[in-house]
Every structure is written in structure tokens, then in C-alpha cells.
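In what follows, a single structure is set out as C-alpha cells and then discussed.
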Amino acid sequence: MPTVIVEVMPKEVLLDPAGKATARALQRFGDGEITDVRIGKRFEITLNTDVTPELLEHIGELARDVLSNQVIEDVTSIHVAD
Amino acid sequence: MRVGVITFPGSLDDRDALRAVRLAGGEPVSLWHDDHDLQGVDALIIPGGFSYGDYLRCGAIAAHSPIMREVIDAANKGLPVLGICNGFQVLVEAHLLDGGLIRNDHGTFIRRDQKLRVENVDTAWTNTYELGQEITIPLKNGEGGFIADDETLKRLEGEGLVTFRYLDVNPNGSLNDIAGLRNARGNVVGLMPHPEHAVEAGFGPDADRMQSGTDGLAMFVSVLTDTVLSK
């Protein structure tokens, strides 16, 4: 069964408090090489049918309208898993 | 006047909202997220809590739940709708109000008695306040940071759609100290703080006397005496 991967990230311009807190934690383990962390989401959508361009377009709409909020997030990737 | 309160899985303050309606003199009506029936209510409240565990994004799954189709339709026809805290997040996710709400800039959950200024009284939910009135009602959230792009923010300010602004302390990093918003028509209002927790002396925030604050009650009275929408 094919799986479609959708990735969503908070918009670049927005503060990402969870990423900031994680960055501070990671920085305790390094020599100062880590400067920033941003946390996004990865959705693995399993299908019971072959992936068609129409279906991919439909998933794109769902990614834009449901899986992400375009005010605060961007859909950064939609691709079929190997 | 019948005022509905929608309960979602994970709603917390639905009972408090029903009680606030009753104390204001209205008839509270419980509504269920999985129905397609608003039971003919005259106004509607989306309460606080953590609908659907706040999975995906706060309010996002609730915004796509069955009853919301009727809510969006009714709101667009002028039905008064108030979103409190998680309810504000639901209204934003349902595109009934502008902007977005993200995690507090300091990263922690906050609970405090919050001072606000009423910035707009031409709405179904604020018409018994005085313009510029300072009120204190409880605030409790982890993701209450209001954000919008520059263009949207300019429009919200220009059209006077900011309805409540944080005073003294900005508790979550909200842009322009925005605590609550209205839509252009004035029937839909959303805010992060909780008016339903400040409706009865003895159970509200501290005011003249301990826990005597009832500054939230006027919001529920406003919708009962609403003259804005009948204009």
C-alpha cells in the first residue's frame, strides 16, 4: 500500500518557542555549533489505491486546508514514500 | 433567549459557559459536536478546553467537526457566536476570525487574573460594556499568542476589529497586545481570557473583595440585549 508523506513547518518569520527551547537543550551538549532548531510535523498517509496525479492533488488540498494552517505554517513537502 | 454551548471531546469550560448564560438571564442549551443540529438557538458559545486533545493544532480538528458546518453557515448569516480560549482557536481555524494563535512566547502555560481594555462595543457580545472600560477576568492558556501578517494586522487595527487588548502585562507575546477580536459584522467575537469564570461574586477574580470580580457577566448579558445585529 502506498504511503504519501506530508511535511509541515512553522513559517520562517514566526517565533517557534518549542524549537527555541529544544535548541537551548541541545546546545548544552555541544561546542556551540548548534545555533537553532525548528520543529515541524511529518504526516504518513497510507492509501489503499495507486497514487494518481488527481489523488496527489486532493492530498495537497487536504495538506493546505486541514493538516496545516496557512496563517502560521507552510506545507514544505508532499511526496510518495519509496 | 436560548444560547447554545457546544461540547467537544476535551471541552472543559462548557458547564461554566452554560452557567454563565443562566446567571445572565438566558436559557442555556447544550449542543453536541457530532450533531448537525443547532436546535434553533439564538446565539452560540464555543467553550474553552482542549478539544480533541489539541491534536494537529489547537482547535483544528474541532473546526472540522460535524456541527461546525452549521455553525459556520449560521455565523455567516449573522448568528451571534462567542469563542472563548479554545473556542477562539476553533473560530480562527474555521476562518470565522482572522489571524492565528501559537504557543506562548515564554513557552509555559499561564494562569492569571488578567486586566483587559474593551476596545470595541459594537458587537453582539460587548454592547453593554463602555468603550475603553477596563475589566479583569481569568486567563489560562499555553497557546494564546495572537499572530497575523503585517497586512492583516494593519487591517484589523484600521477597521477597529480588535475587541479586547491586554493591559499592564502581555501574558503570551500576542502582537499589538491583542486578546480578542470581532468579525466585520460584529456577530462573531473570540478572546483568549475567560469571561465565564467571572460571573458570580465569590467565584471570580479578586476585585474589591476576595474573588468578587464579575466583569465577565456583561458579555453574556450583551447577547441577550443585543441591539447591534438588529440595527
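Table for the structure above
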quantity	calculated
Residue list for segment B:166-205, filter: more than 22 Å from B:A43 (Cα to Cα), part of a loop (DSSP other than H, G, I, E, B) and touching a Phe, Trp or Tyr at 6+ places or on another chain (Cβ under 7 Å)	B:S174
Which listed residue is surrounded by fewer than 17 Cβ atoms within 10 Å (Cβ to Cβ) and either among the β-branched types (V, I, T) or touching a Ser or Thr at 6+ places or on another chain (Cβ under 7 Å) (or both), from A:V71, A:V8, A:V66	A:V66
Listing of strands (runs of 3 or more DSSP E) fully contained in chain A that carry 2 or more residues being free of Cβ contacts under 8 Å to residues at least 60 places away in the same chain and more than 21 Å from B:G99 (Cα to Cα)	A:41-46
All positions within segment B:150-165 that are assigned to a loop (DSSP other than H, G, I, E, B) and either surrounded by 15 or more Cβ atoms within 10 Å (Cβ to Cβ) or touching a Pro at 6+ places or on another chain (Cβ under 6 Å) (or both)	B:L161
Residue count, segment B:56-112 (criterion: assigned to a helix (DSSP H, G or I), at the interface with another protein chain (Cβ under 9 Å from one of its Cβ atoms) and in contact with a strand residue (DSSP E or B) (Cβ under 9 Å, 6 or more places away or on another chain))	2
Test for B:I72: is it touching a residue at least 60 places away in the same chain (Cβ under 8 Å) and either more than 14 Å from the chain's Cα centre (by Cα) or farther than 25 Å from A:D65 by Cβ (or both)	no
Tally of residues being surrounded by 18 or more Cβ atoms within 10 Å (Cβ to Cβ) and without any contact (Cβ under 8 Å) to a residue 24 or more places away in the chain across segment B:49-69	2
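Coordinate-derived values only; no laboratory data. Source: prediction; values computed, not measured. Reconstructed Cβ throughout: ideal geometry from the backbone, glycine too, with neighbour counts over all protein chains shown.
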